[in-house]
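Quick one: the structure is below, questions incoming.
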Amino acid sequence: MREADRRRMRRARMAALGLTPTLGSPSSPVSALAVARRLGALQAQDYASGAWSLGLRSGLTLAQVEQAVHDREVVRTWPMRGTIHWVPAEDARWMCELLAAPRSTTLATRFAQLGISEADVELSGRVFEEHLREPMRRPDVAALLVEHGIDPTGQRNYHLIGYHCMSGLLCQGPIIAKQPSFVLMDTWVPHSRNPSREEGLATMAERYVRSHGPVTEKDLAGWLLKPLGLTREALALVDDRILREELDGQTWLTHVDARDVPAGPGGVHLLPQWDEFLLGYKSRDVTLPGEHFVKVVPGRNMVFKPTLVVDGEVAGTWRRVQKREHVVVEVSPFAELSTRRWREVEAAAANYGAFLGTEAEVVRLGPAGGSG
């Protein structure tokens, strides 16, 4: 692909993802629900990373994001790909029913390895239905299982909870004493939409293309972790709202209502560890140069580092170091940054500090990892 086309795609994706400019700003924030509705789902397997994904797009602080959870606007659960996402509370149940796979072969194999029987699954479901009418901390859920004769050790607790979240019985509630909590979906979510199968597929396809485009059908298939046949069925349901472009032997999809792409550079962002910017695509070639992949995913195991993004391209990594009075943001660019770019890094770090409710100090590290 020509570099000019790659730059154009990067700018379009940043706009679609709500990153240039953000959907909201600290001076004019938008709701966490608005962000979740637009993106359809946001990666949230790590709570802090997922909260920052919502915060940087909405302009909300961490406290305001957590208030949105208490207000039951958004929930954190397992709607697809066997991993945790933020989703609109009103969509959590049908998304799990349509897209999650609690009876998958992979999960059955893991259950067998852990010694989780069908009887354990059924009994834990009955226990949860009886006792999780209010949010309960994860350690307390484990104690509840022990009380009813179910062994929660060796990741059994995690997998039993995850199974019942994927089935739509449970979802996560608010953080309680620094621990995630779990609660019955029926008692926590104030209103659940109930679209037909076709309406649900159309909703997910349209939200994804509008909030991630330009994308390929394989990107959508990977995001949903569904076969291409189902992906094409979903795209066909919204065909009149999708634009197609042939480029470099590939068909790229963009929504007819795609956000306007700002002219010029896309600025500097400090993106969280698991953000839709990278994990929302099957192929990351447009935004992450191949020679830097191992620097972002050192173990090649889908465990990403937080990324420094310059003009829509990954240009380094960063990490948070919490101090007593402030937060330190250590930034490791892949190449030397100009003075102007460092000023933009400082501004991005200040935004992150404001999200956390503290001051942020930037520590510059050289491209090789030494002090800069």
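No lab work stands behind these numbers, since they all come straight from the coordinates. The structure displayed is predicted, hence computed values, not measured ones. Every residue, glycine as well, gets a Cβ built from its backbone with ideal geometry; the counts of neighbours run over all protein chains shown.
Less than 26 Å apart at the alpha-carbon level, and either on another chain or at least 8 residues along: which lysines does that give for residue 178?
List returned: 305, 323.
Relative to the first principal axis of the alpha-carbon coordinates of the chain, what is the inclination of helix 47-58, with its axis defined by its Cα atoms, in degrees from 0 to 90 and to the nearest 10?
Approximately 50 degrees, to the nearest 10.
Angle check, please: helix 156-166 long axis (alpha carbons) against the longest principal axis of the chain (alpha carbons), in degrees 0 to 90, nearest 10.
80 degrees
Work out, step by step, the length gained on full extension between residue 247 and residue 119: first 0.36 nm times the residue separation, then minus their alpha carbon distance; give nm to one decimal.
Contour length minus Cα-Cα distance gives 40.8 nm.
Further, regarding this structure: Report the full-extension gain for the segment residue 302 to residue 193: residue separation times 0.36 nm, less the Cα-Cα distance, to one decimal in nm.
Separation in residues times 0.36 nm, less the Cα-Cα distance, equals 36.0 nm.
By the scheme Lys and Arg +1, Asp and Glu -1, what is the net charge of all other residues having a beta-carbon under 15 Å from that of residue 115?
Computed value for this residue: -1.
Can you sort 85, 70 so the residue with the fewest Cβ neighbours within 10 Å comes first?
Exposure proxy ranking, most exposed first: 70, 85.
From Cα pairs below 8 angstrom and at least 6 apart in sequence, can you work out the relative contact order of the chain, rounded to a whole percent?
Value for the chain: 17 percent.
Same structure, new question: Work through the residues other than residue 46 whose Cβ is under 11 Å from its Cβ and net out their charges, Lys, Arg +1 and Asp, Glu -1.
Neighbourhood net charge equals 0.
Let me check I've understood the local charge: for residue 146, count other residues with C-beta under 14 angstrom from its C-beta, Lys and Arg +1, Asp and Glu -1. What total comes out?
Residues close to residue 146 contribute a combined charge of -2.
While we're looking at this one, here's another question. When only alpha-carbon atoms count, how far does segment 1-99 stretch along each of its three principal axes, as whole angstroms with the largest first?
Sorted largest first, the three principal extents are 44, 35, 21 Å.
If you compute Cα Rg over 2.2 N^0.38 Å for the structure shown, which of (1) 1.01; (2) 1.31; (3) 0.96 do you land on?
Here the calculated entry is (1).
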